[in-house]
Amino acid sequence: MSEIDIQYDEITDSLKRISVEQDAAEVHGALCGLFCTVNGLNAAYWLDNTLTNAPEEDAMTIDALNSESRSLLTQLFSATEKQLKGEDFDFQLFLPDDNSGLYSRVEALSNWCQGFLYGLSQGGLTDPEGLPGELPEIIKDIVEISRAESYELDDDTEDEKDFMELVEFVRVAIQLFVGEMQQFQVEEPDDDSEYH
């Protein structure tokens, strides 16, 4: 199985240092949404859109931090692309590890789903109901899962099991989504681009 060799906290900390508000899960979700909608997505396009919130106060410091973040995010981009394009169905959501508390992992899953939906819209998807097969229903399910951080949790075995089932559902759904969306992919979108 192909795994991402970067730590979740390493990406999140790097994003915080350059004032990007999203965590690693949300950024990864947005990347996956873009991979579903944009044909030939390249790292430079994604990075330029991800790092737009970086402050401009101290140019040398920002350049160094931005360079470090770009390097880490480029690694994340490459690993994700390899997983999504591979035939092994080994795609994994980029979430905190199992040592993190359940609430933190549920919040990250919620953020990942929000990011995925954002990535779809950033890639130009405007009419999910017009998609083939189960894709409209998958989007509805992901919208619902994006609200998961508001769920009441007891941090017990049943909640842990439910969380793992949600992660597995999203993981498989994204792989299905990637395969089905190939016929609808657009080139890297302009800010005004839309497709149905």
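Each reported figure results from applying straightforward, stated rules to the coordinates on display, with no laboratory input. Predicted, not measured: the structure shown is a model, and the values here were computed from it. Because the Cβ atoms are built from the backbone with ideal geometry, glycine has one as well, and the counts that use them run over all protein chains shown.
Summary of values
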{"item": "Vicinal HN-Hα couplings computed from phi for the range 108-121 (Karplus, 6.51 cos²θ - 1.76 cosθ + 1.60; Hz; Gly/Pro x)", "result": "5, 4, 4, 5, 4, 5, 4, x, 4, 4, 4, x, 4, 6"}
{"item": "Equivalent ellipsoid, the range 8-184 (semi-axes from 5 times Cα gyration tensor eigenvalues, Å)", "result": "26, 22, 14"}
{"item": "Simple Cβ-charge dipole of the range 8-184, Lys/Arg +1 and Asp/Glu -1, about Cα centre, in debye nearest 20", "result": "860 debye"}
